[in-house]
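Trainee: Sharing a structure, written as structure tokens. Questions coming.
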Amino acid sequence: MNNEELDFSDSDMLRKTAEEQLKAKKKNVKNPVMETDVKKLVHELQVHQIELEMQNDELRLAYKTAETALKKYTMLYDLSPMGYFTIDSEGIISELNFTGADMLHDRRFSLVNANFKLFVSEKSLPVFNDFLTNVFSSNAKESCSVFLGYEKSLLKLVYIEGVVIGEERKCLLSVVDISNFKNQ
């Protein structure tokens, strides 16, 4: 029976044909496999199976640990009472938390790739620009106080600390609303 006559969807016929081909191959083998070789091979396969099971257990544990760390990170970053932003040297926002989005009176996903400078009041913009220049040139933690607000939104005084990190040269900002502290 050649391959053109085989129906590969018929599993019984496929199995029968494979067994016939195996028998034909065994006849052509000059040195038959010894029983000790088979036992040795089975032993190696069993050992390998146990190794794989151990690796699988280790991967499950690592996954659980990573999942726990992600939950902690989410609580610490996303739900923090302080606004967190990651910006570049032009002020473009690449990441922010929910509090940061709330400070800018917009939804988080709408603010990604927006320019943080658009939310700094005109009077405070020179202060923020100096801060941005200093933080990117000094590679040290810098701080400033500016008013956030645009168009008809209320101005709020915020304290900003920033530091540039990594090869990507991104600035991490922490922003705290201090409007209530100045009025006291």
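Trainee: Working from Cα positions, state the angle (0 to 90°, nearest 10) between the long axis of helix 35-73 and the longest principal axis of the chain.
Mentor: 10
Trainee: Match the structure shown to one of the listed values [x] 0.95; [y] 1.08; [z] 1.46 of Rg/Rh (Cα atoms, Kirkwood Rh), computed from it, and give that label.
Mentor: Only one listed value fits the structure, namely [z].
Trainee: Something else about it: Starting from the Cα of Asn113, step 7 Å along the direction of its Cβ; do the same at Ser179; then give the gap between the two resulting points in nm.
Mentor: For Asn113 paired with Ser179, the spin-label model returns 3.0 nm.
Trainee: Need the list of lysines near Lys26 for cross-linking: C-alpha distance under 20 angstrom, and skip anything on the same chain fewer than eight residues off.
Mentor: Within the straight-line cut-off, Lys26 pairs with Lys16, Lys39, Lys40.
Trainee: With r as the distance between the Cβ atoms of Leu125 and Asp102 and R0 = 25 Å, compute the FRET efficiency 1/(1 + (r/R0)^6) and round to 0.05.
Mentor: Between Asp102 and Leu125 the formula returns 0.70.
Trainee: Once both axes come from the Cα atoms, what is the angle between helix 125-138 and the longest principal axis of the chain, in degrees from 0 to 90, rounded to 10?
Mentor: The helix 125-138 is inclined about 50 degrees to the chain.
Trainee: Where does the chain land at 222 nm, in deg cm²/dmol rounded to the nearest 500, when only DSSP H runs of n ≥ 4 count, each adding -39500 (n - 2.57), divided by all residues?
Mentor: Rounded to the nearest 500, it is -15000 deg cm²/dmol.
Trainee: Using amide H atoms built in the peptide plane, which far-off residues or other-chain residues are under 5 Å from Val120 H to H?
Mentor: Amide H neighbours of Val120, under 5 Å, 5+ apart: Gly149.
Trainee: I've got another one for you. Among the lysines, select those whose C-alpha is under 17 Å from the C-alpha of Lys141, and discard any that sit fewer than 8 residues away in the same chain.
Mentor: Lys170
Trainee: Sort Val38, Val176, Val135 so the one with the fewest other Cβ atoms within 10 Å of its own Cβ comes first. Walk me through the numbers before you get to the answer.
Mentor: Numbers: Val38 10, Val176 17, Val135 24.
Arranged by neighbour count, lowest to highest, Val38, Val176, Val135 become Val38, Val176, Val135.
Trainee: When a footprinting reagent is the concern and you count Cβ atoms within 10 Å, what order do Phe85, Phe128, Phe98 take, fewest first?
Mentor: Ranking Phe85, Phe128, Phe98 by Cβ neighbours within 10 Å, fewest first, gives Phe98, Phe128, Phe85.
Trainee: I'd like the orientation of helix 11-28 relative to the chain: the angle between its Cα long axis and the longest Cα principal axis, in ° from 0 to 90, rounded to 10.
Mentor: Tilt relative to the chain: about 60 degrees.
No lab work stands behind these numbers, since they all come straight from the coordinates. This structure is a prediction, so every number in the text was calculated from the model and none was measured. Note: ideal-geometry Cβ built from the backbone for every residue, glycine included; neighbour counts use all protein chains shown.
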